[in-house]
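Enquirer: This is the structure I want to talk about, given as structure tokens.
The values are calculated or read from the model by the stated rules, or taken from the named source; none is laboratory data. This is a predicted model, so every value here is computed, not measured. So basically every Cβ, Gly included, is an ideal-geometry build from the backbone, and we count neighbours across all protein chains shown. Calculation scope for accessible area: heavy atoms of the full protein, side chains included, ligands and nucleic acids excluded. Shrake-Rupley method; radii C 1.70, N 1.55, O 1.52, S 1.80 Å.
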Amino acid sequence: MDLSPKNGQPFPPGSVQNTGHNPNVPPGNHHHQPPPPIAPGFQAIVCACQKLYPEQQNPLQLSTIVKYWLGGTDPLDYITVYSNNQEDSCYPHWHYVTCGLTDLHGDGRVHPPAASPIASSGYGFELTFRLRRREELVPPSWPVKVMQKIAKYVFETDNSLVPGDHITWADSLGASTVLKHLLVSEDSQLLPVTPGPLGSFRFLQLTCCTESELKAVQRWNGPGVLRLLQSS
């Protein structure tokens with residue numbers, strides 16, 4: 001993946017830009033050609049995020065070098081990262097949001113079109129991840145790799161994710177040697193998009209936990225323990 005920011009790609013509402021979702025645009029000089037409109041499914045994700053982050057019109061956007069629908073191996077077209085410093089958050093953190101588990105394009109190149117605006121778009125969810133912000137100026141890249149691997153699993157097995165699921169992770173999660181699991185829950189700040197331009201979807205958040213924390217979630221009140229983990 002290309003982990004560099006996409007320069008000059010602001011996302012003001014109603015803007016027109018080429019996000020790479022139109023493979024019919026030939027390479028070369030396009031100064032005399034109007035750029036194609038942004039993909040409607042991608043715009044739906046952007047609009048949902050801008051309700052939470054209206055001041056961040058140009059967030060860091062990580063893009064796959066070769067899109068999945070052009071033969072690439074990474075199923076997520078983009079992962080956008082916002083800086084969350086809001087008062088209702090427990091601490092400043094990076095907020096990662098995927099783009100690609102839902103239908104971004106509406107032309108069947110990746111996902112079959114939804115039967116209606118209230119039917120599921122693609123797999124019906126996008127993933128999010130929150131990582132406490134330290135002194136770094138650029139968000140760490142390891143959550144991006146984790147999210148791409150989980151998306152690849154969903155695409156290859158056709159198994160979806162729902163709140164309450166947990167994922168056992170064989171590799172290290174960041175620099176930790178004790179975080180071995182990921183819990184799945186509804187993102188507490190990003191609201192579901194329903195109906196949507198290409199179908200409905202919600203945002204599912206991944207939260208790292210230890211073996212003992214996973215047992216506590218399974219044994220006691222899962223959502224309650226998860227809220228404690230997210231605030232610690």
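Enquirer: Kindly check whether there is at least one residue in the stretch 63-76 that is over 13 Å from the mean Cα position of the chain (by Cα) and among the small types (Gly, Ala, Ser).
Expert: Yes, the conditions are met somewhere in the stretch 63-76.
Enquirer: With the structure loaded, tell me whether Gly106 is modelled with pLDDT under 80, over 25 Å from Leu206 (Cα atoms) and either open to solvent by 70 Å² or more (accessible area, probe 1.4 Å) or touching a strand residue (DSSP E or B) at 6+ places or on another chain (Cβ under 8 Å) (or both) or whether it fails that test.
Expert: For Gly106, the condition - modelled with pLDDT under 80, over 25 Å from Leu206 (Cα atoms) and either open to solvent by 70 Å² or more (accessible area, probe 1.4 Å) or touching a strand residue (DSSP E or B) at 6+ places or on another chain (Cβ under 8 Å) (or both) - is not met.
Enquirer: Is at least one residue of the stretch 84-92 among the acidic types (Asp, Glu) and either part of a strand (DSSP E or B) or modelled with pLDDT under 95 (or both)?
Expert: So far as the stretch 84-92 goes, yes, one or more of its residues are among the acidic types (Asp, Glu) and either part of a strand (DSSP E or B) or modelled with pLDDT under 95 (or both).
Enquirer: Sticking with this one: Sort out which residues of the stretch 151-189 are open to solvent by 70 Å² or more (accessible area, probe 1.4 Å), touching a helix residue (DSSP H, G or I) at 6+ places or on another chain (Cβ under 8 Å) and closer than 22 Å to Ala44 by Cα, and write them in order of number.
Expert: Ser188
Enquirer: Could you tell me whether the stretch 111-125 includes any residue that is open to solvent by less than 40 Å² (accessible area, probe 1.4 Å) and under 15 Å from Asp74 (Cβ atoms)?
Expert: No - not one qualifying residue is present in the stretch 111-125.
Enquirer: Determine the pairs where a residue that is farther than 21 Å from Thr98 by Cβ, located within the stretch 33-54, has a partner that is part of a loop (DSSP other than H, G, I, E, B) and modelled with pLDDT under 95 with Cβ atoms under 6 Å apart, the partner being 6 or more residues away or on another chain.
Expert: As it stands, the answer is Pro35/Val16; Pro35/Gln17; Pro35/Asn18; Pro36/Asn18; Pro36/Asn22; Pro37/Val16, since those pairs meet every condition given.
Enquirer: Please tell me if Val162 is closer than 15 Å to Leu179 by Cβ and either at pLDDT below 95 or touching a Leu at 6+ places or on another chain (Cβ under 9 Å) (or both).
Expert: No, not satisfied.
Enquirer: Given the condition closer than 16 Å to Ser141 by Cβ and either at pLDDT 95 or above or open to solvent by less than 80 Å² (accessible area, probe 1.4 Å) (or both), answer yes or no: does some residue in the stretch 40-60 qualify?
Expert: Among the residues of the stretch 40-60, at least one is closer than 16 Å to Ser141 by Cβ and either at pLDDT 95 or above or open to solvent by less than 80 Å² (accessible area, probe 1.4 Å) (or both), which makes the answer yes.
Enquirer: Pick from Pro197, Pro192: which is of a type outside the set (Val, Ile, Thr), over 20 Å from Tyr96 (Cα atoms), modelled with pLDDT of 90 or more and surrounded by fewer than 20 Cβ atoms within 10 Å (Cβ to Cβ)?
Expert: Within the list Pro197, Pro192, the selection yields Pro197.
Enquirer: Only residues that are closer than 20 Å to Lys51 by Cβ and either open to solvent by 30 Å² or more (accessible area, probe 1.4 Å) or free of Cβ contacts under 8 Å to residues at least 24 places away in the same chain (or both): list them for the stretch 90-103, please.
Expert: Pro92
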